[in-house]
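The values are calculated or read from the model by the stated rules, or taken from the named source; none is laboratory data. Predicted model, so just to flag it, every value in this text is computed and none were measured. Reconstructed Cβ throughout: ideal geometry from the backbone, glycine too, with neighbour counts over all protein chains shown. For the accessible areas, the whole protein counts, side chains as well, though only heavy atoms, and no ligand, DNA or RNA atoms are used. Shrake-Rupley method; radii C 1.70, N 1.55, O 1.52, S 1.80 Å.
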Amino acid sequence: MTFAKRFFGGLVKFYRGNPAGIIGTMIVALILCACLAAPVLTDNDPNKRVARGHQPPSAELPFGSTRAGKDVYTQVLYGGRVSLLVAFSAATITTVIALSIGVTSGYFGGRIDEVMMAITNVMLVFPQLPLLIILAAFLGQVGPFVIALILGLTSWPWGARVMRSQTLAIRNKQFITAAEVMGEAKWRIIVVEIIPNLVSLVAGMFVGTALYAIGAQAGLEFLGLGDPTVVSWGTMLYWAQSSAAFFVGAWWDFVVPGTVIALMGGGLALINISIDQISNPKLRTGRYLRIWRQLKAQVDAKRSQS
Amino acid sequence: MSAHLSVRDVSLDFTIGDTLFSTSYLRAVNRVSFDLKTGQALAIVGESGSGKSTIARALCRLYTPTQGTITLDGQDVNSSQALSAQRDYAQKVQMIFQDPFGSLNPVHTIRHHLRRPIKIHNPTLSVSEIDTKILELLDRVGLAPAEQTANKYPYELSGGQRQRVAIARALAVGAQFILADEPISMLDVSIRLGILNLMEDMKQEGIGFMYITHDIATARYFAERTAVMYVGHMVEWGESDSVTQNPQHPYTQLLISAVPQAERRRSTETKAKKGDIPMWTPQSTGCPFAGRCLHATAKCETHMPGPTEIAPGHFVRCVLFSTAP
Ligand SMILES: Nc1ncnc2c1ncn2[C@@H]1O[C@H](COP(=O)(O)OP(=O)(O)O)[C@@H](O)[C@H]1O
Ligand SMILES: [Mg+2]
């Protein structure tokens with residue numbers, strides 16, 4: 001009960017005076033809900049031919065049709081389910097690995113730390129995008145599940161280092177020593193005393209990785225490394241490109257998935273920025289503006305009185 | 001129920017440089033012996049870097065002595081590394097830290113900070129019994145209204161109030177000994193006395209204190225016995241009144257003359273040479289104060305005498321008083 005109260009209290013505090021966070025959350029929530037409600041919002045099947053090829057937007061087909069005569073509107077809704085599932089799964093995998101490795105390494109130190117950081121650093125020096133392309137090419141055309149796995153398993157090292165350095169800072173705080181002196185078990189110190197102090201970092205990392213995964217997945221699929229029979233935002237771009245939509249003037253074929261990806265990316269980026277502002281007070285701007293406005297209002301009120 | 005925490009000949013080394021061919025050590029505590037008894041306080045006085053916190057942490061089992069033994073009622077406290085052994089020990093010996101802003105977890109309520117120690121050491125208590133106990137403790141350390149305080153977060157409390165929470169936490173496990181590491185040095189002067197008096201009450205109720213400070217005046221106010229440390233060595237110890245009114249070791253005299261006092265004239269101020277505070281290693285010999293001492297002789301560079309009892313229960317380690325050849 002107190003946990004729920006604190007959770008919602010935290011949310012209210014997060015969004016108050018934070019327009020970037022509100023707008024970002026609204027965009028992401030809107031797209032997410034639309035994709036989840038796809039069966040309600042459309043009667044068509046994303047894989048079925050419903051019209052002639054490359055029909056422009058009309059009342060019938062709000063976003064037109066693809067070269068193969070499929071409904072772009074329906075595809076973008078159903079494709080979003082796949083793209084977002086991949087993005088959030090990859091973000092979950094990354095965050096869980098980064099958190100476990102970072103916190104374990106930072107808290108225990110010594111040999112454990114040395115070994116874990118050696119692995120992390122090796123992973124870190126691999127340039128990521130080429131690695132992804134090679135992996136995907138090596139595995140052949142990969143489905144969304146494999147893409148989520150590849151993205152999740154390759155993007156944690158940087159996050160692990162951030163978590164580790166933050167854990168190191170917390171570990172030296174006296175409340176951790178106090179818990180140790182108290183006879184608290186090590187796992188409990190990690191889970192109850194350390195991790196709650198990392199919440200904003202974890203949230204930021206999750207959103208940041210989701211943002212990266214949306215782009216990386218679209219990129220891989222656009223390059224033809226994904227499974228083109230699965231409808232997602234990336235494969236929609238791939239088909240638009242391979243059917244020369246740009247040259248025949250069927251702009252809707254690539255503009256629609258492109259715009260959704262950009263919107264989703266923008267929304268996530270806005271959330272990410274506002275989380276950064278919370279965890280790093282130096283970046284905070286809105287609060288000072290508000291204080292300034294309050295002061296100005298007070299001064300103005302005094303002036304008008306006299 | 002009286003208990004007895006005993007430190008015998010304890011030395012503690014830190015590894016400071018670790019190269020392929022050699023490891024260098026810093027000796028933070030060198031052959032220290034003292035006893036803590038329930039219902040009494042021992043003040044450890046010394047400037048920063050003299051090893052006071054290190055010895056307190058060793059007493060909490062956070063560090064293991066390089067040499068020597070620490071015993072609680074005759075039992076070696078470092079004989080088992082198991083969590084259960086730490087818990088048994090924690091139930092008797094607790095610590096209070098210097099920084100009231102670092103010793104409480106910012107994401108947890110005061111209730112959480114007291115619930116855990118009670119729960120760890122009394123796993124059979126019910127939720128409502130624990131809650132009653134929490135409120136009792138908060139009342140006892142002067143944080144009424146307890147119910148409201150329990151629901152607060154650390155940032156809603158002042159430094160002095162947080163330090164009271166830290167004391168309540170030590171009481172929550174039912175500790176017999178509390179190691180207080182400069183508990184008031186970061187508080188406003190106006191609230192220091194309140195905390196000291198609270199600790200005095202705890203002492204009257206039978207808790208034994210080790211009171212670490214660099215302020216010799218509060219040592220005399222609060223503690224029955226005082227030990228003066230310099231660079232890891234205990235140089236003078238005994239009844240607080242005797243040590244502070246009649247200091248014999250040149251370092252203690254220097255320390256006391258540094259305390260501003262209205263009635264003391266300038267001319268009586270003890271002076272010392274401007275010397276560096278040495279870094280002690282396991283190989284170092286002699287008296288650590290030799291470089292700054294006005295009475296230092298050639299012998300001081302190589303020889304640190306054992307304790308000499310200059311008055312009943314008042315000991316000094318200095319060649320000036322050493323009767324041994
Ligand atoms: N974890 C550590 N590693 C290495 N050196 C340490 C460590 N802790 C303390 N020291 C050193 O040990 C000496 C004593 O420190 P400390 O016990 O904190 O002194 P005090 O509490 O009296 O100010 C200092 O020289 C300090 O630099
Ligand atoms: Mg200290």
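Tabulated data for the structure shown
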item: Among the residues listed as B:GLY68, B:GLY51, the single one being more than 12 Å from chain A (Cβ to nearest Cβ) and surrounded by fewer than 22 Cβ atoms within 10 Å (Cβ to Cβ); result: B:GLY68
item: Top-ranked residue in region B:24-48 [being of a type in the set (Ser, Thr, Tyr) and open to solvent by 60 Å² or more (accessible area, probe 1.4 Å); ranked as farthest from B:GLN253 (Cα to Cα)]; result: B:TYR25
item: Which numbered condition B:LEU193 misses (of (1) of a type in the set (A, V, I, L, M, F, W, C); (2) assigned to a helix (DSSP H, G or I); (3) more than 23 Å from the chain's Cα centre (by Cα); (4) more than 11 Å from chain A (Cβ to nearest Cβ)); result: (3)
item: Test set (1) of a type in the set (Gly, Ala, Ser); (2) within 11 Å of chain A (Cβ to nearest Cβ); (3) open to solvent by less than 70 Å² (accessible area, probe 1.4 Å) - B:SER84 fails condition number; result: (3)
item: Some residue of region B:177-189 being open to solvent by 40 Å² or more (accessible area, probe 1.4 Å), assigned by TED's automatic domain parsing to the domain that holds B:ASN78 and not in a loop (DSSP other than H, G, I, E, B); result: yes
item: For B:VAL7: the one exception among (1) open to solvent by 60 Å² or more (accessible area, probe 1.4 Å); (2) over 29 Å from A:ALA169 (Cα atoms); result: (1)
item: Lone qualifier among B:LEU12, B:LEU62 - being open to solvent by 20 Å² or more (accessible area, probe 1.4 Å), in contact with a helix residue (DSSP H, G or I) (Cβ under 8 Å, 6 or more places away or on another chain) and within 15 Å of ligand 1 (Cβ to nearest atom); result: B:LEU62
item: Test: residue in region B:189-212 that is aliphatic (A, V, I, L, M), within 16 Å of ligand 2 (Cβ to nearest atom) and either modelled with pLDDT under 95 or touching a Pro at 6+ places or on another chain (Cβ under 7 Å) (or both); result: no
item: Test set (1) under 24 Å from A:THR154 (Cα atoms); (2) of a type outside the set (Lys, Arg); (3) away from chain B (no Cβ under 14 Å) - A:PHE254 fails condition number; result: (1)
item: Only one of A:GLY183, A:GLY208, A:GLY234, A:GLY224 that is at positive phi, surrounded by 20 or more Cβ atoms within 10 Å (Cβ to Cβ) and touching a helix residue (DSSP H, G or I) at 6+ places or on another chain (Cβ under 8 Å); result: A:GLY183
item: Residue count for region A:182-219, restricted to those that are within 12 Å of chain B (Cβ to nearest Cβ) and within 18 Å of B:ILE120 (Cα to Cα); result: 10
item: In region B:1-18, residue farthest from the other protein chains (Cβ to nearest Cβ) [restricted to those that are away from ligand 2 (no atom under 16 Å from the Cβ), under 22 Å from B:VAL93 (Cβ atoms) and among the hydrophobic types (A, V, I, L, M, F, W, C)]; result: B:MET1
item: Number of the condition not met by B:THR54 [criteria: (1) touching a Ser or Thr at 6+ places or on another chain (Cβ under 8 Å); (2) touching a residue at least 40 places away in the same chain (Cβ under 8 Å)]; result: (1)
item: Qualifying residue in region B:120-129 (condition: of a type in the set (Val, Ile, Thr) and surrounded by fewer than 18 Cβ atoms within 10 Å (Cβ to Cβ)); result: yes
item: Count of region A:1-33 residues which are assigned to a loop (DSSP other than H, G, I, E, B) and either modelled with pLDDT of 80 or more or over 30 Å from B:TYR153 (Cα atoms) (or both); result: 2
item: Residue match in region A:9-30 (condition: within 28 Å of A:ILE190 (Cα to Cα) and of a type in the set (Lys, Arg)); result: yes
item: Residue match in region B:159-174 (condition: within 16 Å of ligand 1 (Cβ to nearest atom), open to solvent by 20 Å² or more (accessible area, probe 1.4 Å) and assigned by TED's automatic domain parsing to the domain that holds B:MET199); result: no
item: Of the criteria (1) of a type in the set (A, V, I, L, M); (2) surrounded by fewer than 19 Cβ atoms within 10 Å (Cβ to Cβ); (3) within 13 Å of ligand 1 (Cβ to nearest atom), which one B:LEU20 fails; result: (3)
item: Evaluation of B:THR124 against (1) more than 27 Å from the chain's Cα centre (by Cα); (2) more than 21 Å from A:GLY183 (Cα to Cα) (one fails), failing number; result: (2)
item: Enumerated helices (runs of 4 or more DSSP H) restricted to region A:34-143, each holding at least 3 residues that are at pLDDT below 80; result: A:128-139
item: Only listed residue being more than 20 Å from the chain's Cα centre (by Cα), open to solvent by less than 10 Å² (accessible area, probe 1.4 Å) and either within 14 Å of chain B (Cβ to nearest Cβ) or on the phi < 0 side of the Ramachandran plot (or both), chosen from A:ALA178, A:ALA160; result: A:ALA178
item: Residues (buried (at least 22 other Cβ atoms within 10 Å of the Cβ) and away from ligand 1 (no atom under 16 Å from the Cβ)) located in region B:208-221; result: B:GLY208, B:PHE209
item: Failed item, numbered, when B:PHE21 is tested on (1) away from ligand 2 (no atom under 15 Å from the Cβ); (2) over 18 Å from the mean Cα position of the chain (by Cα); (3) in a strand (DSSP E or B); result: (3)
item: The lone exception for B:PRO123 - which of (1) within 13 Å of ligand 1 (Cβ to nearest atom); (2) free of Cβ contacts under 8 Å to residues at least 12 places away in the same chain it fails; result: (1)
